[in-house]
Amino acid sequence: MEKERIILIGCGEHARMVMDNIDQMKNIEVFGLVIADKADTGKKIMGYEVVCCDDDVDLLLKENPDISGYFLGVGDMRIRQRLAAKYDDKLKAVNIIHPAAIVSRFVTIGRGNLLEAYTKIANGVIIGSHCIVNSFTSVNHDQIIGNNVLLAGNVSMAGKSIGDNTLIADGASIGFKKSVGRCCIVGDGAVVTKDIPDYSIVYGNPARKVRENVWEG
């Protein structure tokens with residue numbers, strides 16, 4: 001099987017998590033890491049070399065035309081949104097789906113998504129682009145997940161839709177046919193029993209809005 005050569009954007013905690021998943025893939029080869037600080041060029045992280053800084057990526061791609069894709073290894077939601085807008089114009093964002101993820105063949109998935117081991121995505125689900133689904137999270141059938149959404153570990157999803165740029169934290173539960181708006185944060189262990197409007201931060205059981213989420217991405 002011919003491998004697709006990509007660059008990984010970032011080198012921090014989230015990037016290392018992505019590397020663990022890429023190591024299990026047979027169809028992806030990481031050419032190197034691209035980071036913000038030029039001073040770190042040449043360093044190796046988990047065996048992957050920092051090949052250039054973000055400002056020099058156009059030269060890197062010109063010198064290495066066999067690089068065809070990229071993946072975001074940055075966890076900050078606002079930074080992810082900005083970087084996706086930049087790199088989608090240069091390269092194809094690849095999906096990283098761990099071999100131990102359970103994904104229905106009747107799922108629609110965009111670009112640049114990470115589905116970790118032991119995630120379950122049921123039939124009829126639509127996932128946008130640049131989303132993260134961490135291990136042991138279950139997305140029940142016929143739900144719509146927007147772009148740049150993070151579903152942390154052990155999340156139970158029985159809802160209707162999740163808006164763009166929303167984070168569902170560890171152990172949260174989205175109730176049957178409930179929707180969460182765009183640019184929201186659903187806190188750890190929260191139980192969503194009613195629709196959550198855009199730009200909300202909610203916590204608790206049942207989940208209650210504690211304040212607005214100021215999004216300047």
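The values are calculated or read from the model by the stated rules, or taken from the named source; none is laboratory data. Since this is a predicted model, take the numbers as computed values, not measurements. We place every Cβ from the backbone using ideal geometry, glycine too, and count neighbours over all the protein chains shown. Accessible surface areas use protein heavy atoms only, side chains included; no ligands, DNA or RNA. Shrake-Rupley method; radii C 1.70, N 1.55, O 1.52, S 1.80 Å.
Can you report the number of residues in segment 41-72 which are part of a strand (DSSP E or B) and either open to solvent by 70 Å² or more (accessible area, probe 1.4 Å) or under 18 Å from E4 (Cβ atoms) (or both)?
8
Do we find that I79 is within 26 Å of V214 (Cα to Cα), under 15 Å from the mean Cα position of the chain (by Cα), aliphatic (A, V, I, L, M) and open to solvent by 30 Å² or more (accessible area, probe 1.4 Å) in this structure?
The answer is yes for I79.
So is F31 under 24 Å from I126 (Cα atoms) and either modelled with pLDDT of 95 or more or open to solvent by less than 30 Å² (accessible area, probe 1.4 Å) (or both) or not?
For F31, the condition - under 24 Å from I126 (Cα atoms) and either modelled with pLDDT of 95 or more or open to solvent by less than 30 Å² (accessible area, probe 1.4 Å) (or both) - is not met.
Assess whether K38 counts as being surrounded by fewer than 14 Cβ atoms within 10 Å (Cβ to Cβ) and either among the polar types (S, T, N, Q) or in contact (Cβ under 8 Å) with a residue 24 or more places away in the chain (or both).
no
Would it be correct to say that G75 is of a type outside the set (K, R), assigned to a loop (DSSP other than H, G, I, E, B), in contact with a strand residue (DSSP E or B) (Cβ under 9 Å, 6 or more places away or on another chain) and at pLDDT below 95?
It is true that G75 is of a type outside the set (K, R), assigned to a loop (DSSP other than H, G, I, E, B), in contact with a strand residue (DSSP E or B) (Cβ under 9 Å, 6 or more places away or on another chain) and at pLDDT below 95.
Do we find that G42 is within 26 Å of D164 (Cβ to Cβ) and more than 14 Å from the chain's Cα centre (by Cα) in this structure?
In short, no.
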